[in-house]
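Input: a single structure, listed below in structure tokens.
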Amino acid sequence: MRWKLEIAAAIAGALALAGCHGPPIVEALPDGGGTTGAAGNTGAGGTGGTAGRGGTTGTAGTGAGGRGGTTGTAGAGGRGGAGGAAGAGCAAQMTPEFYYRGMYGPVWTDGTSHRFYWAEQTTPTLSVQYMPGDQPMHFDHKIAVDTSLASHGFTFAVSESLLAATWATDWKIAVWGPDNDSLQMGVTRSLSNPSAVAADGTTVLFSWDPMGGNPAPGIYQWDGTTTPPVFATYQSLGGNWTLGNTLRLTPSKLLLSDVRNVYMVDRATKAKVTLFQNPGNDNVVDLRPARPHTLDAGVVVCLDDANYWPTGHDYYVDISTAGTAPVDLPAKVDALADASACKAAAHYAEAGVLFQRRYIYEGDGGVFAVDVSASGVVSNLVRLTDMPYRYLEVTGDGDLFGGQVYNVSRWDYYRLGRF
């Protein structure tokens, strides 16, 4: 579960971490090239490329019906038109909007199609809140976990249809509707041992290792009753209770982590394969499938790493190429940054999130994004903000959120912009 290693410190009070849609991002070409300008109209010149490294200032065009130049070169063919503008180098392309100030950074985040959800450690409860991507306001959800119980562990999962949680010393599971006025769905079920939960649409899967081994330990499907049906036992999956440490759902797959590796189970056939083979001995602290959740695509696997505290070290794997070696994202983006206009400012600093085929991460000098292929090749580095923001999350619509510390003991939440 995301930020699992921070929750004990957060609950102890020690985690004092040191409007309308904005315009869409103008994509930069790989290595800072500019984009092609728009066609000239009755003699108007084309516009130049943005975010270009090495683009030259354009000169006036001649003739009629011209287009703006690529990489910031002159507009051609526009009678009396102005030339293309010079490349903008490593300029930020989003304007963050502040919308909420809380006590601490989020201990869990996720994004549905048009909402950003997060859980915040407050007193006396661990509260869940959400913000629509197109409205500068936040809503408190009715589900609330007692802080003293959450100190023993918790997990959350959200979909368009519901919000689920497991928590407490005796580990309960409860499911609610997704809105701030939603009621609880079904009954609260005691599980007796640590559990994880995942959601997709109206489906909720959870890990269950009951004391005494009855019913059989495994992954179960929540149905609102005290006797939920089994999805797959750990024995049938060729493992034990550790397979239920972390769960995530994509449209066709169940992702499981036993702390060291990540496995993929076909939701129809129940066949299990290895998705992520750990390159070392660091623990898996989070799994982040690509947003929107309608995709069977890339997955970010975050490992515990003191060099990138508190969020961790991101690796990339892809559902379509399961079994191939994981891609070390910090190493890849640092090399791309060094060859770009952004240089060290774009070096990896903290964990990120996937939006379609775009990996968004906190760099040393702001928030950055790169394209990432199914094989893990990164390209097209773009600077999104000048200031660094942490705990990045994105909705299915492309609204990007993040936060930063305010006055030592407060946390400010921002809508960074929209893809």
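Here is a check on your reading of the model: is V317 crowded, with 22+ Cβ neighbours inside 10 Å and aliphatic (A, V, I, L, M)? Yes, satisfied. Restricted to region 200-254, the set of strands (runs of 3 or more DSSP E) holding at least 3 residues that are more than 26 Å from G396 (Cβ to Cβ) and in contact with a Gly (Cβ under 9 Å, 6 or more places away or on another chain) comprises 230-233. Residues of region 119-138 that are part of a strand (DSSP E or B) and closer than 16 Å to W167 by Cα: A119, E120, Q121, T125, L126, S127, V128. Taking into account only those residues within region 146-157 that are at pLDDT 80 or above and assigned to a strand (DSSP E or B), which is nearest to T250 (Cα to Cα)? Going through the qualifying residues, I end up with A157. Could you tell me which residue of region 255-270 is nearest to P292 (Cα to Cα), considering only residues that are in a loop (DSSP other than H, G, I, E, B) and not hydroxyl-bearing (S, T, Y)? So the residue we want is R267. Apart from one condition, G218 fits all of (1) closer than 28 Å to R260 by Cα; (2) at pLDDT below 95; the exception is (2). Considering region 326-369, and only residues there that are aromatic (F, W, Y) and within 12 Å of the chain's Cα centre (by Cα), the residue that is farthest from D296 (Cα to Cα) turns out to be Y361.
Among the numbered conditions (1) under 16 Å from D110 (Cα atoms); (2) modelled with pLDDT under 95; (3) not β-branched (V, I, T), tell me where M211 comes up short. Condition not satisfied by M211: (1).
On the given criteria, is R101 surrounded by fewer than 24 Cβ atoms within 10 Å (Cβ to Cβ), modelled with pLDDT under 75 and either within 19 Å of the chain's Cα centre (by Cα) or of a type in the set (K, R) (or both)? Spelling it out, it is not the case that R101 is surrounded by fewer than 24 Cβ atoms within 10 Å (Cβ to Cβ), modelled with pLDDT under 75 and either within 19 Å of the chain's Cα centre (by Cα) or of a type in the set (K, R) (or both).
Looking across D334, D399, one residue alone is closer than 23 Å to L287 by Cα and surrounded by fewer than 19 Cβ atoms within 10 Å (Cβ to Cβ). It is D334. Can you name the residue in region 160-193 that is touching a helix residue (DSSP H, G or I) at 6+ places or on another chain (Cβ under 8 Å) and not in a strand (DSSP E or B) and, of all such residues, is nearest to A144 (Cα to Cα)? Ranking the candidates gives A168 first.
The values are calculated or read from the model by the stated rules, or taken from the named source; none is laboratory data. Worth saying up front: this structure is predicted, and the values here are computed from it rather than measured. Here Cβ is always computed from backbone atoms with ideal geometry, including for glycine, and neighbour counts include all displayed protein chains.
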